[in-house]
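Have a look at the structure below before the remarks.
Read the figures in this text as sums done on the coordinates, not as results from a lab. No experiment lies behind these values; they were computed from the predicted model shown. Reconstructed Cβ throughout: ideal geometry from the backbone, glycine too, with neighbour counts over all protein chains shown.
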Amino acid sequence: MFNFLKRLIILRKKDSEDALDRLKILFYLKEKGKETDLNLIYTFLHDSDWNVRNTAASTLLELIEAYPEHKGNTLNHLHDLIKISSLSIKLVVLEVLGKMQDYSSKEIIAKILEESDYDLQYAAIRSIGFLDDVDVLYSLKNVIYVKDYITRRAAIHSIIRIAKSVKEDNQLEQLTPHIHLLVEAYVELGELKEVVYRIFDFGDSNLFPEMRGYSEYEIIRLEALLNENDYSVEAYQNFARLIYPLYFPVKNEKI
């Protein structure tokens, strides 16, 4: 009875003008929420207060983890909501969709990423990076070179996150077509991870995509990083094919 009354007292303040009251409700639901509370949490995603919206997002994720049978309906609701919402609501919905890690959201997030300006790009990049799906690298291709530093760093970390999610046995096949993105990400971070070196050493250069021209600094930096590994003729041949495709035609070459 005590818990029932406590719940009533807390939830009765859902329309309070004080953001702190609304936050208290969400903190309570995060710990004691029921599946019937999902609709209430949806309404808090529209809240005028930034802290309330973000707490609603984390609370929603907690309840979906506790009641996974409602994940499908929640995804449908969020997919519809993001199409008609204001920027502030889109931002929080993108965060939830990313952390739910469901591939049904991929096309929606990719569309936002490709069509939006910087105001939504950062959130979409972070969101799509949680999907651990190599196919989303095609969507990140156009934002890796943006001038905005924060957006670019978000793209780099999403690329690396996705690359790390690929099982070692599938890395060469799945990641070689994205070698330019991997090089761009890892060179900027000042390191050459094993996956990139493996592509240079064992990858099929016929799978290399069309290149974006590297600057002299990037070529020198990439070579220096390559030199930190054990010498391999194949690795340096693929390195040459990557940065000098005119002299080593990737599509027509037969080895």
Evaluate the relative contact order of the chain (contact order divided by residue number), counting alpha-carbon pairs under 8 angstrom at least 6 apart; express in whole percent. 10 percent
Long pairs among Lys90/Lys141; Lys34/Lys111; Lys14/Lys71; Lys34/Lys164; Lys30/Lys147; Lys14/Lys83, criterion Cα-Cα beyond 30 Å: Lys34/Lys111; Lys34/Lys164; Lys30/Lys147
Which order do the peptides 73-79, 215-221 come out in when sorted by mean C-beta neighbours inside 10 angstrom, highest first? 73-79, 215-221
Contact order normalised by length for the range 1-138, with contacts defined as Cα pairs under 8 Å and 6 or more residues apart; what percent is it? 17 percent
Taking amide hydrogens as modeled 1.01 Å from N in the peptide plane, which residues meet the under 5 Å criterion relative to Val146, leaving out close sequence neighbours? none
Of the listed values [x] 155; [y] 144; [z] 133, identify the label whose number matches volume of the Cα convex hull per residue in Å³ calculated from this model. [x]
Given the -39500 (n - 2.57) contribution per DSSP H run of 4+ residues, what per-residue ellipticity at 222 nm results for the chain, rounded to the nearest 500 deg cm²/dmol? -19500 deg cm²/dmol
Relative contact order for the range 168-255, counting Cα pairs under 8 Å that sit 6 or more residues apart, in percent: 33 percent
From the phi of every residue in the range 174-182, what ³J(HN,Hα) in whole Hz does the Karplus formula 6.51 cos²θ - 1.76 cosθ + 1.60 yield, where θ is phi - 60° and glycine or proline is x? 7, 9, 4, x, 10, 4, 4, 5, 5
Short version: ³J(HN,Hα) in whole Hz for each residue of the range 32-37, in order, from phi by Karplus 6.51 cos²θ - 1.76 cosθ + 1.60 (θ = phi - 60°), x for Gly and Pro, what are they? 10, x, 10, 4, 6, 8
Going residue by residue through the range 64-81, the Karplus relation 6.51 cos²θ - 1.76 cosθ + 1.60 with θ = phi - 60° gives ³J(HN,Hα) values, rounded to whole Hz and with x marking Gly or Pro, of 5, 5, 6, 10, x, 5, 9, 4, x, 5, 5, 4, 4, 4, 5, 4, 6, 5
